[in-house]
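The values are calculated or read from the model by the stated rules, or taken from the named source; none is laboratory data. Predicted model, so just to flag it, every value in this text is computed and none were measured. As a convention, Cβ positions derive from the backbone with ideal geometry for all residues, glycine included, and neighbour counts pool all protein chains shown.
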Amino acid sequence: MKNISAWAIRHPLPPVVLFVVLLFMGVVAFVRLPVTADPDVSFPAVYVGVGQPGAAPQELEAQVMQKIEGAVAGIGNIDSITSWAVEGQANMMVQFEIGTPIDRAVADVRDAMAKVRVQLPQGIQEPAVQRVNADGGPMVFYAVSSSALTEEEISWFVDNTITKRLLSVTGVAQVQRGGGVNREIRVELDPARMQALGITAAEVNEQLRTLNLDSPGGRAQVGGGEQSIRVLGGARTAAALGEAQIALSRGRFARLSDLAEVRDSVGEIRSIARLNGRPATTFSAIKAKGYSDVSTDNGIQAELAKIRKENPHVTLTQVYTSVDYTKETYHSALSALVEGSVLAVLVVFLFLRNVRATLISALAIPMSAIPAFAFMQWMDFTLNSISLLALSLVAGVLVDDAIVEIENIVRHMRMGKSGYQAALDAADQIGLAVVATSATIVAVFVPVSFMGGLTGQYFKQFGLTVAAAVFFSLLVARLITPVLAAYTLKSDRIAAHTDGPIMAWYQRTLRWCTLHRWKTVLSGLAFFILSIVGLVFFVPVSFIPEADVGTAMLSAELPPGVRLEDTAGVTAAAFRIIARQPEVRDVVELVGTSDEGVREAEIFIALIPAGERRVTQRQWEDRMLQELKVIPDAQLHFNRNGNGRDVNIYITGDDPQLTYDTARKVVDEMGALPFVRDARINNDLPRPEILIHPHLDLASQLGVTVERISETIRIATLGDLDQNSAKFSLSDRQVPIRVSLIEDSRKSLSTLENLPVPTSSGSTVPLKAVADISFGEGPTRVRRYNQSRRLFIDADLKGAELGPAMKAIYNLPTLKHLPQGVHLVEIGDAKYMNELIGNMLIAMATGILMVFAVLVLLFARVLQPITILFSLPLSFGGVALALVFTRNSMSLGVFIGLLMLMGIVAKNSILLVDFAIEEMRAGKDRLTAILESGHKRARPIVMTTVAMIAGMLPVALGLGGDKAFREPMAIAVIGGLITSTALTLVIVPAAFTLIDDIERWLAPRFGRVLTAQPPPAGAPAQPRPVN
């Protein structure tokens, strides 16, 4: 690297061709890179679902979930197993460590399921094992309306046309319909007629299943040809199905229409959707992992445009899209990069006062940033808020090496040299310092590629993007900048430079600090200690600041046992309150959307753009929670950052009652904290049940089994399992035939008591003859985490950051002294915040070690690199002051900024120490060398620092886009740069003298193993160590 600039000046064509190729590759990569809101930080996950209609949660836990968990737990690389059971459905999410191949994970889970399948109940639906390919929540939401179609036709249009067409769009993982209805052939049995004729609902369903179907019949050769044989037994209309003969006991028959009302209708409505208070059918699209938000959205829009053209009678109205936020973030990041680059170039011009020199320095920014896109594509990165933020913040850093090079060349030209000769001499003189400054930044960020966990993905995309851009800036500074300077700069256009009063004052201060080195170094140590105190005690810790995405999601939960219309009434009341707010644009109500059935709802609220509102999204949500308190019998909360509420805690244990009692105490203690709002045990209220206790002795005598009782009741009230139910064949689909009691009859307990149950003799008996029927209650949901029962505690925060709040919660008496067998599990932001702190400590230690190693290799000295490291702690005070002054917390962005500071603040020390060593090698005494180093290097140090600050200003000021994540990072880095630069100019020279004395004392004892002894004053200059 030392003589490469001289080679490039003498052979300019190869460097130029190299960067033409790099720029071309970067432009192509930029066009092809996916645009997403955030990095892909999702864990590989596999979902396992097992359905058993009517089964209680506790039965599913014992008979299904525990067995599957035991089989799956032996698979390697599992991060967690989260299970939950509700009525009729057992669910399990197996989350693997980041980096685990998802195809292998799915195969392993399927193998484990195959081994345990024989141990599961016979009445379950076929288990579903599938990869979780969806990336977050819906990216677009649409409402569908038409004056020419019925509600059933609109629903089928969404399911058949829109869903199929959108799933063919690259990047779409799922399309979900909200509201609408499903077509079914309803066979609604009359309980009185069933009892009189002595037939059960299960028997009717079984006969329809075997009679009403079309089936293959083989082949025949008739008339010299070959024909296939088909058996056509399926009815073509509901009326024809009603004419089917149903076999009764003792050789009797009856038409189906004599037992039931048969009609072509829709299934039982268990969910509804409304748009701005009016009934609607909606659909949403969810993006697949690894695809571009913008490209996927463009594909969706293009396909929907075709659908609109082909179906002019259907109106598709976009209600919500997350892509606008992604586009806003993308454009604001690019704008910040351009604006920061312009400001940095203006700073260079103000210092150099030469247009050509400024333009040569400015070229370093695009020539470094554009090739970085090729590196990002190679690493499978995306153009997201983190990677683009890296380029935005590093805009001023990219021009640093070029500034140092060009400033040194200009200084040589002021000595009377030609541009060509000045470029040759200056480039070689400054070569080591330029390589060292860039190498320290690369050394800091390269280790982050080995960081694990969710936070490691953020560090990786930010750090490696910065490292790549800085590496290309080093190539520009060593290959392109000297070449352009040698062939374009003219000596007669370089203005003379004289020292001003500021430089004179700095020289006096530097002399005093060097002569009073102990006072200076101890003052720096005291500043560092105060900085740590400020960061620990005055700056709160959080994970990721809450973004203002312009879309809020309100979740509503009612007590178990309510009906669909009750939940719809609550959401209607909430809509009336929300709709009158001036910040609201559209409201979508989805009632009965979760696996809890009809007692839960979600309300999507689209707000007007942030620039048109006087309040942030969080402030608006907090205000709405107060206004929504007037709605009785409902728990309402906003979804925060995709994690539900602000505080999320798991309490696990094998003893359900002890676990519940402990969680109850924790909730009571959390409620006493002033900053905690509405703490609760989430979604675990008891639900009403009808309990049937068979008379086992009598049932055995009659040949009535418990399984037969269960099947009879299930089919009469819900219908049979989907795979066992009869089907009605149409030209384009099969419609289920739902056999059940008339809906009104299910409201009467006497109807259930008189349900006919088949006996082994072929006759029937009323249910009440073989069983007792009573009312009771049971759990609404059973939750498990890593094979233990879990309870989910959540709460909102009032005016508190997550870090201090969680510290206070963890110090609650019950959580500090948990009973034996009960455990606390951190989840959500609290878990990742602790992971962040651990990763940060490792990253900082590794970064310091890597910087030290690089400096030792470059300077061929062991002790003087310690002097350079003195500048690192001097930045912490500026970070603390900047965060306290702007009232920002220590979030993920700030931690990444701290790591970035470690690389860039060492630059100033390197420039000072390198020049001082060179002057001492030239025969000058130490004090003169230090003063000359300050005199010659203060200007480029200040110039590069101001350029970096100018490059970060657009981000720090929050110009355009959501500033929650980016602004604190830029503010922290700017604060650290200011204090580090100011103190480095005086403290590092004082520390240099101390290290130099230690080095001289060790030299006679350890020779050149640890140090290269500078010659005494007046001695001939020694050759510089090879780097």
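Looking at Ile995, Ile978, Ile974, Ile987 in this structure, which one is touching a helix residue (DSSP H, G or I) at 6+ places or on another chain (Cβ under 8 Å), in a helix (DSSP H, G or I), over 25 Å from Thr514 (Cβ atoms) and touching a residue at least 60 places away in the same chain (Cβ under 8 Å)?
Answer to the selection: Ile974.
How many of the residues in the range 153-178 are part of a helix (DSSP H, G or I), touching a helix residue (DSSP H, G or I) at 6+ places or on another chain (Cβ under 8 Å) and under 18 Å from Asp293 (Cβ atoms)?
1
Might you check whether a residue that is surrounded by fewer than 18 Cβ atoms within 10 Å (Cβ to Cβ), free of Cβ contacts under 8 Å to residues at least 12 places away in the same chain and either basic (Lys, Arg) or not assigned by TED's automatic domain parsing to the domain that holds Asn384 (or both) occurs anywhere in the range 326-349?
Checked against the condition, which is being surrounded by fewer than 18 Cβ atoms within 10 Å (Cβ to Cβ), free of Cβ contacts under 8 Å to residues at least 12 places away in the same chain and either basic (Lys, Arg) or not assigned by TED's automatic domain parsing to the domain that holds Asn384 (or both), the range 326-349 yields no hits at all.
Please list, ordered by first then second residue, the pairs with beta carbon atoms under 9 Å, 6 or more apart or interchain, first in the range 532-552 and touching a residue at least 24 places away in the same chain (Cβ under 8 Å) and outside any loop (DSSP other than H, G, I, E, B), second among the basic types (Lys, Arg) and surrounded by fewer than 19 Cβ atoms within 10 Å (Cβ to Cβ).
Sorted first by the residue in the range 532-552, then by its partner, the pairs are Val541/Lys807.
Name the residue, out of Ala972, Ala916, that is touching a strand residue (DSSP E or B) at 6+ places or on another chain (Cβ under 9 Å) and buried (at least 24 other Cβ atoms within 10 Å of the Cβ).
The unique qualifying residue is Ala972.
Is there a residue being over 30 Å from Val884 (Cβ atoms), assigned to a loop (DSSP other than H, G, I, E, B) and either out of contact with any Phe, Trp or Tyr (no Cβ under 6 Å at 6 or more places or on another chain) or not assigned by TED's automatic domain parsing to the domain that holds Pro940 (or both) anywhere in the range 570-580?
yes
Ala148: assigned by TED's automatic domain parsing to the domain that holds Pro53 and either of a type in the set (A, V, I, L, M, F, W, C) or within 23 Å of Val735 (Cβ to Cβ) (or both), yes or no?
No: the conditions fail for Ala148.
Within the range 982-1021, work out how many residues are farther than 19 Å from Pro865 by Cβ and either surrounded by 24 or more Cβ atoms within 10 Å (Cβ to Cβ) or at pLDDT below 70 (or both).
Going through the range 982-1021 one residue at a time, the tally reaches 8.
Do any helices (runs of 4 or more DSSP H) entirely within the range 376-493 hold 2 or more residues that are in contact (Cβ under 8 Å) with a residue 24 or more places away in the chain, assigned by TED's automatic domain parsing to the domain that holds Val28 and of a type in the set (Ser, Thr, Tyr), and if so, which?
Qualifying helices (runs of 4 or more DSSP H): 385-393, 419-445, 453-475, 481-488.
For the range 28-44, what are the residues that are crowded, with 19+ Cβ neighbours inside 10 Å and either assigned to a strand (DSSP E or B) or basic (Lys, Arg) (or both)?
Val35
Considering every residue within the range 204-219, establish whether at least one is closer than 17 Å to Leu741 by Cα, assigned by TED's automatic domain parsing to the domain that holds Gly719, more than 55 Å from the chain's Cα centre (by Cα) and free of Cβ contacts under 8 Å to residues at least 40 places away in the same chain.
Among the residues of the range 204-219, not one is closer than 17 Å to Leu741 by Cα, assigned by TED's automatic domain parsing to the domain that holds Gly719, more than 55 Å from the chain's Cα centre (by Cα) and free of Cβ contacts under 8 Å to residues at least 40 places away in the same chain, which makes the answer no.
From the set of residues in the range 942-969 that are among the small types (Gly, Ala, Ser) and crowded, with 22+ Cβ neighbours inside 10 Å, which is farthest from Glu612 (Cα to Cα)?
Filtering first and then ranking leaves Ala947.
For residues that are hydrophobic (A, V, I, L, M, F, W, C) and within 15 Å of His637 (Cβ to Cβ), tally how many sit in the range 671-683.
Qualifying residue count for the region: 3.
May I ask you to verify whether Thr945 is among the hydroxyl-bearing types (Ser, Thr, Tyr), under 23 Å from Val434 (Cβ atoms) and part of a helix (DSSP H, G or I)?
In short, yes.
Count, please, the residues in the range 734-765 that happen to be over 30 Å from Arg236 (Cα atoms), charged (D, E, K, R) and in contact (Cβ under 8 Å) with a residue 12 or more places away in the chain.
Final tally of qualifying residues: 1.
Does the range 289-306 contain any residue that is more than 32 Å from the chain's Cα centre (by Cα), loosely packed, with under 15 Cβ neighbours inside 10 Å, modelled with pLDDT of 90 or more and closer than 19 Å to Ser145 by Cβ?
yes
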